[in-house]
Structures are given as C-alpha cells and as structure tokens.
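Heads up, the thing below is written out as structure tokens.
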Amino acid sequence: MRIIGTLMVAAIPLVGTFVLLWLSDRLRARGETRRLLQITVTDAVHGALGAVAAPVVTRRPGGGWRIQMRVPPGRSDLAAELVRVTEEVLERAAPASGRPYEIVLLAAEGIGAAGRDSRLLGRHTKTAAPLAAGAR
C-alpha cells in the first residue's frame, strides 16, 4: 500500500507537466487559428477592394469570431462590399462548423496618416460606436 502511495506522489509532477504542455499547445493552436483567419480575411479584402480596411479578428466571448474593421464615414458602398467579402471568407473558412461570427464596422475617425490608430501613437481619441454590426 505504501508503494502505491509513493508512486502516486511521484506521478503528480509528471501529470502536472503533461497537463501544462497540453494546455500550452492548445492555446498556441487557438492563437495560430486566429492569426491565419485574420491573414485570410485581410488578403481577401485587399485583393477585392485594395487596402481600404485592416480587419482585426478576435474570439467572441460565447465562441465564434468577431471581425472589426474601420470604414470611412459616408462610404456605405464600401461597407457593404467589406461585409460581403468577409462573409464569403468566413463561409469558406468554416462552412460546416456552424460557429457564429460577428462583423463590426467602426468609423475611421482617429486613424492617423500612417494608417494606425492614434491611440497607439500616444494621442487620445474617443472610442467610436460601431457603424454596423452583424452576427450569424
């Protein structure tokens, strides 16, 4: 009986190490999936419309994806095309998964000449409310 107890105590660090390695690999794979989807959406948008938006892909709290893009105000034609292209990419990326996704279009206010959000450059801007958001 003492041998079994000793073996169990000795196995705890091994089991803990394997669990941490498995968790690390799972988190890395999730991050890689997100990066690949962001690259795919960005390439599709830039291929169809030019460099008009920089999609940012994140996970939704309930599962699925959220794609955010900044659009110049008053460009409803551009907004409609961005949504169309993004939906096509998401349907191809996971046609049978049934995972929900959300496309959020934000006003392009606060974007500097370099194409970066001015908050990243140290200037403060107001957070814009979404122009449109759609979920599937």
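Out of the range 53-104, which residues are closer than 23 Å to Arg28 by Cβ and loosely packed, with under 12 Cβ neighbours inside 10 Å? Scanning the range 53-104 gives Pro61, Gly62, Gly63, Ser97.
Kindly indicate whether Gly5 is exposed (fewer than 10 other Cβ atoms within 10 Å of the Cβ), on the phi > 0 side of the Ramachandran plot and modelled with pLDDT under 90.
On the way: exposed (fewer than 10 other Cβ atoms within 10 Å of the Cβ): yes; on the phi > 0 side of the Ramachandran plot: no; modelled with pLDDT under 90: yes.
Against the criterion (exposed (fewer than 10 other Cβ atoms within 10 Å of the Cβ), on the phi > 0 side of the Ramachandran plot and modelled with pLDDT under 90), Gly5 does not qualify.
Condition check ((1) at pLDDT 85 or above; (2) in contact with a helix residue (DSSP H, G or I) (Cβ under 8 Å, 6 or more places away or on another chain); (3) basic (Lys, Arg)) across all residues:
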{"position": "Gly50", "(1), (2), (3)": "yes, no, no"}
{"position": "Ala54", "(1), (2), (3)": "yes, yes, no"}
{"position": "Gly63", "(1), (2), (3)": "no, no, no"}
{"position": "Pro73", "(1), (2), (3)": "no, no, no"}
{"position": "Arg99", "(1), (2), (3)": "no, no, yes"}
{"position": "Gly110", "(1), (2), (3)": "no, yes, no"}
{"position": "Leu121", "(1), (2), (3)": "no, no, no"}
{"position": "Ala128", "(1), (2), (3)": "no, no, no"}
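The lone criterion from (1) more than 16 Å from the chain's Cα centre (by Cα); (2) without any contact (Cβ under 8 Å) to a residue 24 or more places away in the chain; (3) not in a loop (DSSP other than H, G, I, E, B) left unmet by Gly74 is number (3).
Which residues, counting only those in the range 30-52, are in a helix (DSSP H, G or I) and exposed (fewer than 10 other Cβ atoms within 10 Å of the Cβ)? Steps first, please.
Quick first cut of the range 30-52, residues in a helix (DSSP H, G or I) only: 30-49.
Across the range 30-52, the qualifying residue is only Gly47.
Does Ala80 satisfy the condition of being among the small types (Gly, Ala, Ser), under 18 Å from Tyr101 (Cβ atoms) and in a helix (DSSP H, G or I)? Here the answer is yes, as Ala80 does meet what is asked. A Cβ distance below 9 Å, combined with a sequence gap of six or more or placement on separate chains, defines the contacts here; from the range 2-16, residues that are touching a residue at least 60 places away in the same chain (Cβ under 8 Å) reach no residue that is surrounded by 10 or more Cβ atoms within 10 Å (Cβ to Cβ) and of a type in the set (Gly, Ala, Ser).
The values are calculated or read from the model by the stated rules, or taken from the named source; none is laboratory data. Only a predicted model underlies this, so the values are computations on that prediction, with no experimental measurement involved. For neighbour counting, all protein chains shown are included, and Cβ atoms are generated from backbone atoms with ideal geometry for every residue, glycine included.
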